[in-house]
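Q: If you scroll down you'll find the structure; I have some questions about it.
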Amino acid sequence: RYAIYDVTQKQITMIGDVVLNRGASQLRGQRLAIDLDTGRATLDGAGGAARPGAAPAPGGRVSGRFVVPPRPPAK
């Protein structure tokens, strides 16, 4: 629904029906926070806040589908 890019803190926060794809794997949640210094990302199911910086609503879920790439044949 919306995103906040905090240049001074080097953080990106996306709130509301977030979908994260990597290859065929997919994660869905309500809030994604990315620390650009460390590369660490956190996805949670907390409901979006009414306004940026406000505390999120409790509850919610994160769902995911992980697709494991095939192993190369044994030699």
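Q: Kindly provide the set of residues from segment 1-20 that are open to solvent by 90 Å² or more (accessible area, probe 1.4 Å) and within 20 Å of THR38 (Cα to Cα), ordered by number.
A: TYR5, VAL7, THR8, GLN9, LYS10
Q: Being modelled with pLDDT of 95 or more and in a loop (DSSP other than H, G, I, E, B) is the requirement here; does GLN9 meet it?
A: So GLN9 passes the test.
Q: Does any residue in segment 29-48 that is in contact (Cβ under 8 Å) with a residue 12 or more places away in the chain and under 15 Å from ILE4 (Cα atoms) come within less than 7 Å, Cβ to Cβ, of a residue that is among the small types (Gly, Ala, Ser) and in a loop (DSSP other than H, G, I, E, B) six or more places away or on a different chain, and which pairs are these?
A: As it stands, the answer is GLN30/GLY45; GLN30/ALA46; GLN30/GLY48; GLN30/GLY60; ARG31/ALA46; ARG31/GLY48, since those pairs meet every condition given.
Q: Only one of (1) at pLDDT 95 or above; (2) touching a Lys or Arg at 6+ places or on another chain (Cβ under 9 Å); (3) open to solvent by less than 60 Å² (accessible area, probe 1.4 Å) fails for LEU32. Which number is that?
A: Tallying (1) at pLDDT 95 or above; (2) touching a Lys or Arg at 6+ places or on another chain (Cβ under 9 Å); (3) open to solvent by less than 60 Å² (accessible area, probe 1.4 Å), LEU32 fails exactly one: (2).
The values are calculated or read from the model by the stated rules, or taken from the named source; none is laboratory data. Owing to the predicted nature of the structure, the values given are computational and were not obtained by experimental measurement. No Cβ is skipped: glycine too gets one built from the backbone with ideal geometry, and neighbour counts run over all protein chains shown. Side chains included, ligands, DNA and RNA excluded: accessible areas come from the protein's heavy atoms. Shrake-Rupley method; radii C 1.70, N 1.55, O 1.52, S 1.80 Å.
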